Amino acid sequence: MDRVATVDTVKGLREAVASWRGAGERVALVPTMGALHVGHLSLVERARALADRVVVSIFVNPTQFAPNEDFSKYPRTLDDDRAKLAGLAELAYTPLVEEMYPPGFATTVSLAGPAAAGLEDAFRPTHFAGVATVVAKLLLQALPDVAVFGEKDYQQLKVIARMARDLDLTAEIIGAPTVREADGLALSSRNRYLSDEERALAPTLHRTLQDGAARLRAGEDAGAVVTAGEDALAAAGFAVDYLALRDAETLAPVSDLAAPARLLVAARLGATRLIDNIAV
Ligand code: PAF
(Lines give C-alpha, C1' and ligand atoms only; values in the text may rest on other atoms or scores of the structure.)
Protein backbone atom coordinates (compact mmCIF):
# COMPACT_ATOMS: atom_id res chain seq x y z
CA MET A 1 0.00 0.00 0.00
CA ASP A 2 1.23 3.54 -0.70
CA ARG A 3 2.25 5.66 2.24
CA VAL A 4 2.74 9.44 2.41
CA ALA A 5 6.38 10.60 2.61
CA THR A 6 7.34 11.25 6.22
CA VAL A 7 9.91 13.30 8.11
CA ASP A 8 10.36 13.24 11.86
CA THR A 9 12.74 16.16 12.48
CA VAL A 10 12.31 19.94 12.41
CA LYS A 11 15.27 20.06 10.02
CA GLY A 12 13.67 17.62 7.56
CA LEU A 13 10.37 19.51 7.73
CA ARG A 14 12.05 22.87 7.12
CA GLU A 15 14.05 21.55 4.16
CA ALA A 16 10.92 20.23 2.46
CA VAL A 17 8.94 23.40 3.08
CA ALA A 18 11.86 25.62 1.99
CA SER A 19 12.15 23.81 -1.33
CA TRP A 20 8.42 24.33 -2.05
CA ARG A 21 8.59 27.96 -1.02
CA GLY A 22 11.65 28.43 -3.22
CA ALA A 23 9.48 27.28 -6.13
CA GLY A 24 6.84 29.88 -5.19
CA GLU A 25 4.36 27.33 -3.83
CA ARG A 26 1.86 27.89 -1.02
CA VAL A 27 2.06 25.52 1.93
CA ALA A 28 -0.73 24.38 4.25
CA LEU A 29 -0.35 22.62 7.58
CA VAL A 30 -2.99 20.36 9.15
CA PRO A 31 -2.02 19.66 12.77
CA THR A 32 -3.39 16.33 14.11
CA MET A 33 -2.75 13.77 16.79
CA GLY A 34 -3.17 10.94 14.28
CA ALA A 35 -5.83 8.19 14.50
CA LEU A 36 -7.02 9.85 11.32
CA HIS A 37 -10.67 9.53 10.32
CA VAL A 38 -12.82 11.08 7.60
CA GLY A 39 -13.08 14.31 9.62
CA HIS A 40 -9.31 14.77 9.49
CA LEU A 41 -9.27 13.91 5.80
CA SER A 42 -11.83 16.66 5.19
CA LEU A 43 -9.37 19.11 6.83
CA VAL A 44 -6.67 17.84 4.47
CA GLU A 45 -9.01 18.36 1.51
CA ARG A 46 -9.71 21.91 2.69
CA ALA A 47 -5.97 22.50 2.97
CA ARG A 48 -5.50 21.11 -0.55
CA ALA A 49 -7.92 23.69 -1.90
CA LEU A 50 -5.97 26.50 -0.20
CA ALA A 51 -2.37 25.58 -0.99
CA ASP A 52 -0.10 23.78 -3.43
CA ARG A 53 1.47 21.54 -0.79
CA VAL A 54 -0.06 20.01 2.30
CA VAL A 55 1.82 18.89 5.40
CA VAL A 56 -0.04 16.88 8.06
CA SER A 57 1.59 16.78 11.47
CA ILE A 58 0.89 13.70 13.58
CA PHE A 59 1.95 14.17 17.18
CA VAL A 60 0.15 12.98 20.30
CA ASN A 61 1.06 16.00 22.40
CA PRO A 62 1.69 14.95 26.02
CA THR A 63 1.46 18.49 27.42
CA GLN A 64 -2.22 18.87 26.55
CA PHE A 65 -3.26 15.80 28.54
CA ALA A 66 -3.71 16.00 32.32
CA PRO A 67 -2.22 13.11 34.34
CA ASN A 68 -5.69 11.50 34.69
CA GLU A 69 -6.46 11.71 30.95
CA ASP A 70 -5.98 9.24 28.11
CA PHE A 71 -2.47 10.14 26.84
CA SER A 72 -1.04 6.63 27.15
CA LYS A 73 -4.10 4.93 25.67
CA TYR A 74 -4.77 7.58 23.00
CA PRO A 75 -4.97 5.59 19.73
CA ARG A 76 -1.70 5.51 17.76
CA THR A 77 -2.18 4.22 14.21
CA LEU A 78 0.77 5.75 12.35
CA ASP A 79 1.06 3.16 9.59
CA ASP A 80 -2.65 3.40 8.84
CA ASP A 81 -2.52 7.20 9.00
CA ARG A 82 0.34 7.30 6.48
CA ALA A 83 -1.65 5.06 4.12
CA LYS A 84 -4.74 7.28 4.42
CA LEU A 85 -2.66 10.36 3.55
CA ALA A 86 -1.07 8.82 0.45
CA GLY A 87 -2.14 10.89 -2.56
CA LEU A 88 -3.88 13.47 -0.30
CA ALA A 89 -0.92 15.22 1.37
CA GLU A 90 2.69 15.70 0.30
CA LEU A 91 4.25 15.09 3.70
CA ALA A 92 3.55 13.76 7.17
CA TYR A 93 5.56 15.31 9.99
CA THR A 94 5.81 12.82 12.85
CA PRO A 95 8.21 14.15 15.49
CA LEU A 96 9.03 12.13 18.58
CA VAL A 97 8.38 13.74 21.97
CA GLU A 98 12.14 14.43 22.35
CA GLU A 99 12.18 16.34 19.06
CA MET A 100 9.29 18.55 20.14
CA TYR A 101 10.35 18.91 23.77
CA PRO A 102 14.13 18.51 23.96
CA PRO A 103 15.76 18.12 27.39
CA GLY A 104 15.54 21.39 29.31
CA PHE A 105 12.39 22.57 27.48
CA ALA A 106 10.97 25.34 29.69
CA THR A 107 8.69 27.67 27.72
CA THR A 108 4.89 27.65 27.60
CA VAL A 109 2.35 29.88 25.88
CA SER A 110 -0.05 31.18 28.51
CA LEU A 111 -3.50 32.42 27.61
CA ALA A 112 -5.77 35.14 28.88
CA GLY A 113 -9.11 36.45 27.68
CA PRO A 114 -12.53 34.92 27.09
CA ALA A 115 -11.57 32.40 24.40
CA ALA A 116 -9.55 30.33 26.85
CA ALA A 117 -11.80 30.96 29.87
CA GLY A 118 -14.42 28.47 31.05
CA LEU A 119 -15.89 25.63 28.95
CA GLU A 120 -13.03 23.15 28.38
CA ASP A 121 -10.69 25.20 30.54
CA ALA A 122 -12.94 24.70 33.59
CA PHE A 123 -12.58 20.92 33.26
CA ARG A 124 -9.10 20.66 31.70
CA PRO A 125 -7.19 23.62 33.23
CA THR A 126 -3.80 22.78 31.69
CA HIS A 127 -5.14 21.72 28.29
CA PHE A 128 -5.07 24.93 26.25
CA ALA A 129 -1.59 25.96 27.39
CA GLY A 130 -0.41 22.60 26.04
CA VAL A 131 -2.36 23.02 22.80
CA ALA A 132 -1.26 26.63 22.25
CA THR A 133 2.38 25.80 22.95
CA VAL A 134 2.53 22.84 20.58
CA VAL A 135 0.58 24.63 17.85
CA ALA A 136 2.83 27.71 18.15
CA LYS A 137 5.82 25.39 17.77
CA LEU A 138 4.28 23.58 14.80
CA LEU A 139 3.50 26.88 13.08
CA LEU A 140 7.04 28.13 13.68
CA GLN A 141 8.57 24.84 12.59
CA ALA A 142 6.59 24.58 9.35
CA LEU A 143 5.96 28.30 8.65
CA PRO A 144 2.87 27.46 6.56
CA ASP A 145 0.78 30.03 4.71
CA VAL A 146 -2.38 28.51 6.16
CA ALA A 147 -3.22 26.05 8.91
CA VAL A 148 -6.55 24.20 9.06
CA PHE A 149 -8.33 23.12 12.27
CA GLY A 150 -11.70 21.44 12.78
CA GLU A 151 -14.68 23.36 14.15
CA LYS A 152 -15.52 20.30 16.23
CA ASP A 153 -12.96 21.63 18.73
CA TYR A 154 -14.47 25.10 18.44
CA GLN A 155 -12.90 26.59 21.56
CA GLN A 156 -9.51 25.22 20.50
CA LEU A 157 -9.95 26.85 17.07
CA LYS A 158 -10.70 30.24 18.68
CA VAL A 159 -7.84 29.93 21.19
CA ILE A 160 -5.43 29.16 18.35
CA ALA A 161 -6.70 32.00 16.16
CA ARG A 162 -6.28 34.42 19.08
CA MET A 163 -2.81 33.07 19.88
CA ALA A 164 -1.68 33.34 16.25
CA ARG A 165 -2.86 36.96 16.10
CA ASP A 166 -1.34 37.85 19.46
CA LEU A 167 2.06 36.30 18.66
CA ASP A 168 2.16 37.63 15.07
CA LEU A 169 2.40 34.14 13.64
CA THR A 170 2.00 34.55 9.92
CA ALA A 171 -0.15 31.51 9.11
CA GLU A 172 -3.78 32.19 8.34
CA ILE A 173 -5.91 30.09 10.72
CA ILE A 174 -8.82 28.40 8.95
CA GLY A 175 -11.71 26.53 10.58
CA ALA A 176 -13.38 23.68 8.71
CA PRO A 177 -16.87 22.25 9.39
CA THR A 178 -17.43 19.19 11.56
CA VAL A 179 -17.96 15.91 9.72
CA ARG A 180 -20.75 13.76 11.20
CA GLU A 181 -21.96 10.19 11.08
CA ALA A 182 -25.35 9.72 9.39
CA ASP A 183 -27.02 9.89 12.82
CA GLY A 184 -25.36 13.23 13.64
CA LEU A 185 -22.54 12.08 15.93
CA ALA A 186 -19.47 14.24 15.28
CA LEU A 187 -16.50 12.16 14.11
CA SER A 188 -13.86 11.90 16.83
CA SER A 189 -10.92 9.64 17.50
CA ARG A 190 -12.45 9.07 20.93
CA ASN A 191 -15.71 7.61 19.53
CA ARG A 192 -13.91 4.26 19.34
CA TYR A 193 -13.99 4.13 23.16
CA LEU A 194 -17.82 3.99 23.17
CA SER A 195 -19.55 0.66 23.91
CA ASP A 196 -22.35 -0.34 21.52
CA GLU A 197 -24.91 0.89 24.00
CA GLU A 198 -23.13 4.24 24.47
CA ARG A 199 -22.68 4.61 20.72
CA ALA A 200 -26.45 4.27 20.30
CA LEU A 201 -27.01 7.08 22.84
CA ALA A 202 -24.24 9.38 21.58
CA PRO A 203 -26.22 11.15 18.78
CA THR A 204 -28.42 12.69 21.51
CA LEU A 205 -25.60 15.19 21.95
CA HIS A 206 -26.01 16.65 18.44
CA ARG A 207 -29.82 16.41 18.61
CA THR A 208 -29.79 18.41 21.84
CA LEU A 209 -27.68 21.10 20.19
CA GLN A 210 -29.98 21.22 17.16
CA ASP A 211 -33.01 21.46 19.39
CA GLY A 212 -31.37 24.17 21.54
CA ALA A 213 -30.36 26.19 18.49
CA ALA A 214 -33.90 25.99 17.09
CA ARG A 215 -35.41 27.16 20.39
CA LEU A 216 -32.95 30.03 20.67
CA ARG A 217 -33.70 31.13 17.12
CA ALA A 218 -37.40 31.00 17.99
CA GLY A 219 -36.70 33.53 20.74
CA GLU A 220 -36.74 31.26 23.79
CA ASP A 221 -34.78 32.42 26.85
CA ALA A 222 -31.16 31.18 26.78
CA GLY A 223 -31.20 30.09 30.43
CA ALA A 224 -34.32 27.99 29.88
CA VAL A 225 -32.87 26.43 26.71
CA VAL A 226 -29.66 25.46 28.50
CA THR A 227 -31.56 23.93 31.43
CA ALA A 228 -33.82 21.95 29.07
CA GLY A 229 -30.77 20.72 27.14
CA GLU A 230 -28.95 19.67 30.29
CA ASP A 231 -32.05 17.80 31.46
CA ALA A 232 -32.44 16.04 28.10
CA LEU A 233 -28.81 14.93 28.16
CA ALA A 234 -29.01 13.72 31.75
CA ALA A 235 -32.20 11.80 30.94
CA ALA A 236 -30.37 10.09 28.05
CA GLY A 237 -27.59 8.95 30.42
CA PHE A 238 -24.99 11.68 29.92
CA ALA A 239 -23.08 13.37 32.75
CA VAL A 240 -23.00 16.96 31.51
CA ASP A 241 -19.82 19.00 32.02
CA TYR A 242 -21.28 22.11 30.37
CA LEU A 243 -23.83 23.32 27.87
CA ALA A 244 -23.27 27.00 27.18
CA LEU A 245 -24.11 29.82 24.79
CA ARG A 246 -21.11 31.95 23.82
CA ASP A 247 -20.27 34.69 21.35
CA ALA A 248 -19.18 32.88 18.18
CA GLU A 249 -16.04 34.99 17.76
CA THR A 250 -14.76 35.94 21.22
CA LEU A 251 -16.41 33.05 23.14
CA ALA A 252 -17.51 35.53 25.80
CA PRO A 253 -20.71 34.36 27.58
CA VAL A 254 -23.89 35.78 25.99
CA SER A 255 -27.56 35.50 26.83
CA ASP A 256 -29.10 36.53 23.51
CA LEU A 257 -28.52 36.33 19.76
CA ALA A 258 -27.59 39.99 19.21
CA ALA A 259 -24.37 38.76 17.56
CA PRO A 260 -23.60 35.34 16.00
CA ALA A 261 -23.47 32.82 18.83
CA ARG A 262 -22.38 29.25 19.37
CA LEU A 263 -23.91 26.62 21.60
CA LEU A 264 -21.18 24.36 22.99
CA VAL A 265 -21.43 21.14 24.96
CA ALA A 266 -19.21 18.62 26.71
CA ALA A 267 -20.70 15.53 28.30
CA ARG A 268 -19.54 12.13 29.40
CA LEU A 269 -21.00 8.77 28.47
CA GLY A 270 -19.42 6.25 30.81
CA ALA A 271 -15.67 6.90 30.69
CA THR A 272 -15.78 8.73 27.34
CA ARG A 273 -15.98 12.49 27.16
CA LEU A 274 -17.61 13.92 24.01
CA ILE A 275 -17.71 17.54 22.88
CA ASP A 276 -19.71 19.21 20.13
CA ASN A 277 -21.04 22.64 19.16
CA ILE A 278 -23.44 24.30 16.75
CA ALA A 279 -23.83 27.75 15.21
CA VAL A 280 -26.90 29.60 16.42
O1 PAF B 1 -6.99 18.92 17.74
C2 PAF B 1 -5.96 18.23 17.90
O3 PAF B 1 -5.85 17.11 17.38
C4 PAF B 1 -4.84 18.77 18.77
O5 PAF B 1 -5.33 19.46 19.87
C6 PAF B 1 -3.81 19.61 17.99
C7 PAF B 1 -4.44 20.87 17.41
C8 PAF B 1 -3.23 18.78 16.88
C9 PAF B 1 -2.68 20.04 18.93
O10 PAF B 1 -2.03 18.94 19.48
Can you confirm whether ASP121 is away from the ligand (no atom under 12 Å from the Cβ), touching a Leu at 6+ places or on another chain (Cβ under 9 Å), open to solvent by 30 Å² or more (accessible area, probe 1.4 Å) and under 18 Å from GLY39 (Cα atoms)?
no
Would a scan of the range 96-114 turn up a residue that is touching a strand residue (DSSP E or B) at 6+ places or on another chain (Cβ under 7 Å) and away from the ligand (no atom under 12 Å from the Cβ)?
no
Return the residues of the range 231-280 that are within 18 Å of the chain's Cα centre (by Cα) and outside any strand (DSSP E or B); say none if nothing qualifies.
ALA248, GLU249, THR250, LEU251
Got at least one residue in the range 75-83 being buried (at least 18 other Cβ atoms within 10 Å of the Cβ) and within 18 Å of the chain's Cα centre (by Cα)?
yes
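This table checks each residue for (1) free of Cβ contacts under 8 Å to residues at least 24 places away in the same chain; (2) more than 22 Å from ASP79 (Cβ to Cβ); (3) not charged (D, E, K, R).
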site	(1), (2), (3)
GLU15	yes, yes, no
ALA18	yes, yes, yes
GLY22	yes, yes, yes
ALA28	no, yes, yes
THR32	no, no, yes
ALA35	no, no, yes
VAL44	no, no, yes
PHE59	no, no, yes
ALA66	no, yes, yes
(1) more than 15 Å from the ligand (Cβ to nearest atom); (2) at positive phi all hold for ALA86 apart from (2)
In the range 50-65, residues that are within 10 Å of the ligand (Cβ to nearest atom) and of a type in the set (D, E, K, R) total 0
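The values are calculated or read from the model by the stated rules, or taken from the named source; none is laboratory data. Keep in mind it's a predicted model, so treat the numbers as computed, not measured. Using ideal geometry, Cβ is built from the backbone for each residue, glycine included, and neighbour counts are taken over all protein chains shown. Heavy atoms of the whole protein, side chains included, go into the accessibility calculation; ligands, DNA and RNA do not. Shrake-Rupley method; radii C 1.70, N 1.55, O 1.52, S 1.80 Å.
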